[in-house]
Amino acid sequence: MNRKTSRFSYFTAGIIKENPTLILMIGLCPTLATTVSARDGLGMAAAASFVLICSNVVVSAVRRLVPDSVRIPIFIIIISTFVTLIDYVMQAYQPALYRVLGVFVPLIVVNCIILGRAEAFAYHHGIIDSFLDGLGKSVGFALVLFIMASIRELVGNGTFFNQPVLPASYRNAPMLFALFPPGAFLLIGLLKALVNKTGLGKS
Amino acid sequence: MNHFSPAKIFLAAFLVNNILLMRFIGLCPFFGVSTALDTSVGMSAAVLFVMLLAAWVSWVLYHTLLLPLGLVFLRTAVFILVIAGLVQFVEMFLKKYVRALYSAMGIYLPLITTNCAILAVTFLNIDYQFNLLQATIFAVGTAAGFALVIILFAAIRERLADAPISPSFRGYPIAFVGAALVALAFLGFTALFGIS
């Protein structure tokens, strides 16, 4: 029983207490760059989650075969394999989304969350634990991207998942600022201040 | 092949499509290192050095090996390994032969392997179909833009350290808000031109 709860905590830790973006402040580039609409934000989160979970599982599976001194290059090869996979799959099946995300899909390979989890967690833990850890961090990452993207799309465009939400009088003259880079910086600054204020992430 | 003039490529990379504020690439070292002026200068020098080398090596590898052999799908893996190897090599070389330079930017070199700005420039050089000269100018312009913003921002953050800021905004939140204001100024350049 005790073991089961501790395993489950690997999953829950990543969602709020160790949220990669808002608590640990890593993986900021995609969080700011791809959150112009809810669909793009979730697309980016899905791509990064696929790579994070798969690389966590594979790194954990081969951890006893990998010599300590060359572990980082091996992690990078494992991660870039999955990045190349998702890169080509998205190009083939989601061309519109791929055009929007652009260079950020291959850049998943240097996303600090993924290499960070491989080094700090998957290299020292079993396959199931690593899977749960990857899943939890992915959910936490996706949650922040989804919140950011929803707010920016709603304020900057008056829509949600490309469906009109706010009245036409607003949609004709929306606050475009939210879609531009300064709006993204301001929003994540306010979200981080909110996290500090509420004391989330401090167990 | 495209026909952007060298001046346009440089200005676009330097200001209009600034890698930090407009493209949102390389933010982790940006917020991590920009707390003090001297660390920002060291980081900028290291980025310029490695970005230029990485742009050359990756461009030559792509056009002489990957493209003729039909191995374009290995681009991501090859480029990141080339950068990681290059950074190690540069670090060893400087440590042995150019001690002064090593002590100035040595500690920033390992961090650069995971600096997405370097990798992004190598990808963008391919995506924009630049020739070697254009790729060189793009790399220098991007590194200059990185240096400009990170050094400007370090000066702002040194002031912020002493400012009376409410506790929940201290640290990262106020840095983000400051970055928003600097980005707002850079947004003005987008009316000029850009490459994308």
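Tabulated data
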quantity: Relative packing of B:30-38, A:152-160, which averages over residues the other C-beta atoms within 10 Å, highest first; calculated: A:152-160, B:30-38
quantity: Positive dipole terminus of segment A:2-147, leading residue within A:43, A:22, A:58 (C-beta point charges); calculated: A:58
quantity: Highest-first arrangement of B:136-143, A:58-65, A:112-119, where packing means the average Cβ count within 10 Å; calculated: B:136-143, A:112-119, A:58-65
quantity: Debye log10 I(q)/I(0) for segment B:23-187, one point scatterer per Cα, at q = 0.11, 0.13 Å⁻¹; calculated: -0.50, -0.68
quantity: Pairs of lysines in the protein assembly as shown (C-alpha under 14 Å apart; 8 or more residues apart or interchain); calculated: 4
quantity: Shielding score for B:14-21, defined as the mean number of other chain Cβ atoms within 10 Å; calculated: 1
quantity: Contour minus Cα-Cα distance for residue A:119 and residue A:81 (0.36 nm per residue); calculated: 12.0 nm
quantity: Karplus-derived 3J(HN,Hα), 6.51/-1.76/1.60, for each residue of segment A:55-68, Hz, glycine and proline x; calculated: 5, 4, 5, 5, 4, 5, 5, 9, 5, 7, 8, 8, x, 4
quantity: With Cα atoms, 0 to 90° folded angle of helix B:37-61 axis to chain B main axis; calculated: 20
quantity: Average beta carbon contacts from partner chains per residue of A:171-184, 10 Å cutoff; calculated: 3
quantity: Gyration tensor verdict on the protein assembly as shown (Cα atoms; rounded if a/c is under 1.5, prolate if a/b is larger than b/c, oblate otherwise); calculated: rounded
quantity: 0 to 90° range, to nearest 10: angle between helix B:116-127 axis and chain B longest Cα axis; calculated: 40
quantity: Shielding score for A:98-106, defined as the mean number of other chain Cβ atoms within 10 Å; calculated: 4
quantity: Residues whose placed amide H lies under 5 Å from that of residue A:160, excluding near-sequence neighbours; calculated: A:165
quantity: Residue-by-residue Karplus 3J(HN,Hα) for segment B:86-102, coefficients 6.51, -1.76, 1.60, Hz, glycine and proline x; calculated: 4, 4, 4, 5, 4, 4, 5, 4, 5, 4, 7, 10, 10, 4, 4, 5, 5
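Every number in this text was worked out from the coordinates using simple rules, so none of it is lab data. All figures in this text were calculated on a predicted structure; none of them were measured in a lab. No Cβ is skipped: glycine too gets one built from the backbone with ideal geometry, and neighbour counts run over all protein chains shown.
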